[in-house]
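A short write-up of the structure that comes next.
The values are calculated or read from the model by the stated rules, or taken from the named source; none is laboratory data. Note that the coordinates shown come from a computational prediction; the quantities given were computed from them, not determined experimentally. When we count neighbours, we look across all protein chains shown, and the Cβ atoms used for this are built from the backbone with ideal geometry, even at glycine.
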Amino acid sequence: MPAAVLDALTPTAQRLVVNRRGSTVWEAESPRGHYAVKAGYPIEATADWPAQPWTALAPAREGAVLHRLGLDDLAYGEWDGGTWNYQPWHEGPDLYQLWEPCRRPDAAVQPHISVALGCVEALAELHGKGWAHGDVQPAHFIIGIERTHLIDLALARGGYVPTGYDFPFRGCLVHYEAPEIARSVLATGQAEPTQEADIYALGASLLISATGRRAVEYPDDAPRPVQREAVASGRRRDVKVPGELGALIDTMLSHEPADRPTAYEVGKALNAL
């Protein structure tokens, strides 16, 4: 954990949550409160993957975004390896974890509308402030007791971010990329996150969490460009979520951005269910 964070929080307990290429995350208990601590560093090139220097900037960029969104109980800065931030910890399972019983072969449990509504409300709150998330996926919806939290805003766009911490958006997990994002990344190497693409990603997140099936079919071991080509071409699977929730997800996954409902419209439809 970066020394600046240790000095600021003086944690009484800490737990390593994530340690992957370019990012480390801890859960930290502190006299000041309960925090998530993130440290980023650049990813070196390998035979299979190009270098990814942006991962070093992601924690500070997220900190700047959260500050612009009005969160004061946080800090961000630089360390020898890259940048860091700490922010309030949100307790609870993520969407994919919570809906695991729905994906069992003999499942008698159906996806609960109130859970989907909580996810939509969290996204609608961000959209209402003029931002697009850019990295909507099941792991980024934390289902708390009182509300659902949408986390990991390092790729969000919609307001000022300090130039020294900013970097181009080069797509996200392809499972949740909208066709127009995939096309742009294939053509230019980058794209612009939009609220319409967030809605597609939310539909894909609800679908995979409820059924275990991706929105678009491609081999599990396919290279990322091949995955994106499948998404861009619109070769989408049928939505196998029963009832009106399935019909709503199908609309959210519309190929054309203009054909997708807004977060407000999705919330209104779910409330009616």
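Results, tabulated for the structure shown:
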item: Any chance A13 is crowded, with 16+ Cβ neighbours inside 10 Å, among the hydrophobic types (A, V, I, L, M, F, W, C) and either out of contact with any Cys (no Cβ under 7 Å at 6 or more places or on another chain) or closer than 18 Å to G164 by Cβ (or both); result: no
item: For D166: the one exception among (1) in contact (Cβ under 8 Å) with a residue 60 or more places away in the chain; (2) buried (at least 19 other Cβ atoms within 10 Å of the Cβ); (3) closer than 21 Å to T188 by Cα; result: (2)
item: Pick from the range 3-41, criterion modelled with pLDDT under 95 and hydroxyl-bearing (S, T, Y), ranking: nearest to A139 (Cα to Cα); result: S23
item: Test: residue in the range 102-119 that is surrounded by fewer than 19 Cβ atoms within 10 Å (Cβ to Cβ), assigned by TED's automatic domain parsing to the domain that holds R236, within 22 Å of R236 (Cα to Cα) and touching a Gly at 6+ places or on another chain (Cβ under 6 Å); result: yes
item: In the range 1-57, residue farthest from Q190 (Cα to Cα) [restricted to those that are assigned to a helix (DSSP H, G or I) and under 20 Å from the mean Cα position of the chain (by Cα)]; result: A56
item: Within the range 75-89, considering residues that are surrounded by fewer than 16 Cβ atoms within 10 Å (Cβ to Cβ) and modelled with pLDDT of 95 or more, the one nearest to the chain's Cα centre (by Cα); result: P88
item: Qualifying residue in the range 75-97 (condition: part of a loop (DSSP other than H, G, I, E, B) and of a type in the set (S, T, N, Q)); result: no
item: Residue satisfying condition, being assigned by TED's automatic domain parsing to the domain that holds D7, touching a Phe, Trp or Tyr at 6+ places or on another chain (Cβ under 8 Å), touching a residue at least 40 places away in the same chain (Cβ under 8 Å) and closer than 27 Å to L202 by Cβ, within set V65, V136, V37; result: V65
item: Residue count, the range 236-254 (criterion: within 19 Å of E177 (Cβ to Cβ) and at pLDDT 95 or above); result: 6
